[in-house]
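The values are calculated or read from the model by the stated rules, or taken from the named source; none is laboratory data. Since this is a predicted model, take the numbers as computed values, not measurements. All Cβ positions, glycine included, derive from the backbone under ideal geometry; neighbour counts span all protein chains shown. Accessible surface areas use protein heavy atoms only, side chains included; no ligands, DNA or RNA. Shrake-Rupley method; radii C 1.70, N 1.55, O 1.52, S 1.80 Å.
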Amino acid sequence: MTTTDIVKTPMQYLDKAMGSLRDLGLLPQKTEEAPIVGLLERITDLEPDKIAVINPNREPLSYGELAHRVICWAARLAESGVGAGTPVGLCAQGEFAVPVGFLVILAAGGVVVPLDPSLPDERLRVIADGVGCRLVLVGDKASPGLPPQLTRLDLTGTPDASPALALASD
């Protein structure tokens, strides 16, 4: 994948981000465990104003802003009981919520459960139920047909806006 490739899937975001970290020398070339939060802090210490992500509307998000969002929202997930191995849904498309959501879930120790907003409602329910997912991070393009038993966290704002976990049925 070159720097001019358009990233279309969450895994492509993650692959591209990991490749960039290796290119910058912030991640070892061979696979070793490195906590997500530690990597973000290291990058932010070096170049907090450097652009980390550009969304489809061409709006930039710096490493400093990315780290702030990830750390704050990961703390929210931890407070809500997300820990090692907890399945957490991510229902977003083509926006900051995708890369931010992936990093938030990983930083909290959870397991990412991709929920494509374009899938039929019944398919989303089967996926979420099949892995025991009870919490989903959503963005602007989240499916309105997500199962009502899922607790949702809206990633479209900033952590300073105090996003609250709310039951979808409320």
query = Per-residue HN-Hα couplings for the stretch 45-58, Karplus 6.51 cos²θ - 1.76 cosθ + 1.60 at θ = phi - 60°, whole Hz, x for Gly and Pro?
reply = 5, 6, 8, x, 8, 5, 6, 9, 9, 10, 7, x, 7, 6
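Could you please state how large a percent of the accessible area of the stretch 33-159 is carbon and sulfur, counting protein chains only and using a 1.4 Å probe? Could the numbers behind the result be given before it?
Details: 3190 of 5970 Å².
Reported share for carbon and sulfur atoms: 53 percent.
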message = Amide H of Ala52 versus every other amide H placed in the peptide plane: which residues, excluding those fewer than 5 positions away on the same chain, fall under 5 Å?
response = Leu61, Ser62, Tyr63
ask   = Ala78 to Ser20: extension gain in nm, 0.36 nm per residue of separation minus the Cα-Cα distance?
value = 18.1 nm
remark   = Amide H proximity to Val111 below 5 Å, modelled H, separation 5+ or other chain, gives Gly85, Thr86, Val88
note = Sorted by chain and then number, the residues having a modelled amide H within less than 5 Å of the amide H of Leu135, at least 5 places away or on another chain, are Gly89, Thr151
query = Going by the alpha-carbon gyration tensor, a ≥ b ≥ c the square roots of its eigenvalues, is the stretch 70-152 rounded (a/c under 1.5) or, if a/c is not under 1.5, prolate (a/b greater than b/c) versus oblate?
reply = oblate
ask   = What FRET efficiency comes out for the pair Glu122/Leu46, r = Cβ-Cβ distance, R0 = 41 Å, nearest 0.05?
value = 0.35
request  = Using label points projected 7 Å from each Cα along Cα→Cβ, tell me how many nm separate Ser62 and Val131, to one decimal.
outcome  = 3.3 nm
task = Would you kindly derive the ³J(HN,Hα) couplings of the stretch 90-100 from the backbone phi angles with the Karplus curve 6.51 cos²θ - 1.76 cosθ + 1.60 (θ = phi - 60°), listing them in order in whole Hz, with x for Gly and Pro?
result = 9, 10, 7, 7, x, 8, 4, 4, 5, x, 5
